[in-house]
Amino acid sequence: MQDELTLLHRARALDAEALAQIHDTYYVPIYRYIAMRVNDRETAEDLSSEVFTRLLQALRDKSAPQNTLRGWLFAVAARVVNDHFRQHYRIHHTELEESLPGTEDGPERVLEARMTQKELRQALQTLTEEQQHVLALRFGFDMPIKEVAHALGKSEGSIKMLQARAVAMLTRKLQPGATNA
Amino acid sequence: MNNRLEQLLIECLDALERGETAEQILARYPQEAAQLRPMLETAVALSQLNLQPSRAAQLNAKNAFLDYAASLRTAPQSRRAAWGGWRRLLAPLVTIFALALLGVGAGWRANTSLPGDALYGIKLLLEDAAMPFAPDRAAAEQARQERRIQEIQQLLALGRTAEVHFASLITDVSPETLLIGGLSTELTPQTVLTGEPVIGARAEVEALVSNGRLRATHIRITPPQELPAPTPTIIETAVPPQPSPPVSATATLTSTPTPESSITATPTSETAVATIQPSPTPTITHTPTPVVTPPTPTMPPPSPTATPQENTNNNDNGNDNDNNDNDHDNDNENSNDNDNGNNNDNGNDNDDD
């Protein structure tokens, strides 16, 4: 926490080294969070960059976070994704193809894993916004339950229940014969 | 999913978060293992959904981020909102000071500076100072707006990063871009758009120039000049004091009423244009703009209700305008909400900690 405060202090002075460190630390988790929600590589990259642009604007306007950079960045990422969905600027869809099995796997295993990944991402899009939010924070942003609860202003019990229901729903969607509508 | 199974799943997901494997967890619930297994596998698959950005995208994003930060460091004077008021107050003093200290050479350098340059603020000050002495203020203001656009074109050509502000007319509209003052202005998911982007409307734009692209952050649109709303044309001299049955302007009869006629001529329709003139030969002509001529002086002429009270009705237009103003205010508030909302939403919750 002390490190983050120091980092924030230096970032407020637009210290290049501190800003680079912030970008290195948070770009990937933010991208993962966004990618889980938008399922489009190009959009996920653009929106991730937008989160950092907003950080600089907040630093410039003296409205940057005072204590928790991580929580603040998450909140901005969530807002950026919501803004994106509100405006329906989903022009291009470059299917995400990350996390494919290694080349040491046989072709059948590669195909099976690719299908599972694709189905999982598609199924994610069918969950409620709140469920997507929780799963993206938990598994994209790697946020522990306690932090998710704090970030969303809910109890840990509520988040655990939301997570369990979302996982159960996803499982149903992934059952053979289920539709992702 | 029943309550018990849901509770078990919550416990299983807790255990998964603590680092236990699915098999270890399922071993604790042999009776429910068959039901829990697919759900735990889904959770494991989610955690292994190892979404990673491309290295190139990450590097480009970082470079753009640091470039933008550098532009903020080197050009704090481009923060229009922060010192826009001071600029006007200090303009004459600073101009004199700048000219005295820097001389014509520095003034020339400022004049060729671009947004993000150290001397760009001086350039704006010089413009502000010269504006009151311009023989034609409108032309000078127009020239200033054109300079802003030329500066942006130069920034784009140079591939530089800077915050810019300009205003001009919209000449083309597409889902992703607006052509404003000849500049292709990209709309991003984060663009806060106030007003309806239509060709001919005036747009005031705040944008970021970066890597040869102009991406709008805020666009405020003023609708194109609207035609005045049609208002009934009332000739007040046609309001005779004599009582008479009202004549409806919407009547479909074509007739030459005698003094005994009781045809009504009440321009009650807001859209009707009723011109009422006394005439010795009363006629009613039915056209889109009916002309109702009251009866001859031998009988009491019609007394249309289109009196000054009708003018009061015409004030509806004024009320509408008021409403529009209110709408506009609301729009502005909304746009502010958007800006602040980013920070206020959950971010502030966290900040409080």
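Couple of notes before you dig in:
- Net charge of Cβ neighbours under 10 Å - reference B:Met1; Lys, Arg +1; Asp, Glu -1: +2
- Whole-number accessible area per residue in Å² for region B:3-44, which is evaluated in the context of all protein chains at 1.4 Å: 53 Å²
- Three-way shape call for region B:160-226 based on the alpha-carbon gyration tensor, with the a/c threshold at 1.5: prolate
- Remark: region A:2-87 projects, on average over all directions, an area of 5.3 nm² (convex hull of Cα atoms).
- Rolled with a 1.4 Å probe across the full set of protein chains, the surface gives A:Glu45 an accessible area near 30 Å².
- Debye-formula intensities of region B:3-44, expressed as log10 I(q)/I(0) at q = 0.18 Å⁻¹, are -0.39 (one equal scatterer per alpha-carbon, no solvent).
- Per residue convex hull volume, Cα atoms of region A:107-174, in Å³: 80 Å³
- Principal axis dimensions, region B:127-204 - Cα atoms, whole angstrom, descending: 42, 29, 18
- Based on Cα contacts under 8 Å between residues 6+ apart, region B:3-44 shows a relative contact order of 44 percent.
- At least 30 Å² of accessible area lost relative to the chain alone, listed for region A:61-86 with a 1.4 Å probe: A:Asn67, A:Thr68, A:Trp72, A:Ala75, A:Arg79
- The largest accessible area among A:Lys118, A:Lys146 belongs to the first residue in A:Lys146, A:Lys118, and the rest follow in falling order (1.4 Å probe, all chains).
- Note on B:Ser174: accessible area approximately 40 square angstrom, rounded to 10, probe 1.4 Å, nucleic acids and ligands left out.
- Buried area at the A:B interface is about 5500 square angstrom, summed over both chains, from accessible surfaces computed with a 1.4 angstrom probe.
The values are calculated or read from the model by the stated rules, or taken from the named source; none is laboratory data. Just so we're clear, the structure is a prediction, and the values are computed from it rather than from any experiment. Here Cβ is always computed from backbone atoms with ideal geometry, including for glycine, and neighbour counts include all displayed protein chains. SASA here: full protein model, heavy atoms, side chains in, ligands and nucleic acids out. Shrake-Rupley method; radii C 1.70, N 1.55, O 1.52, S 1.80 Å.
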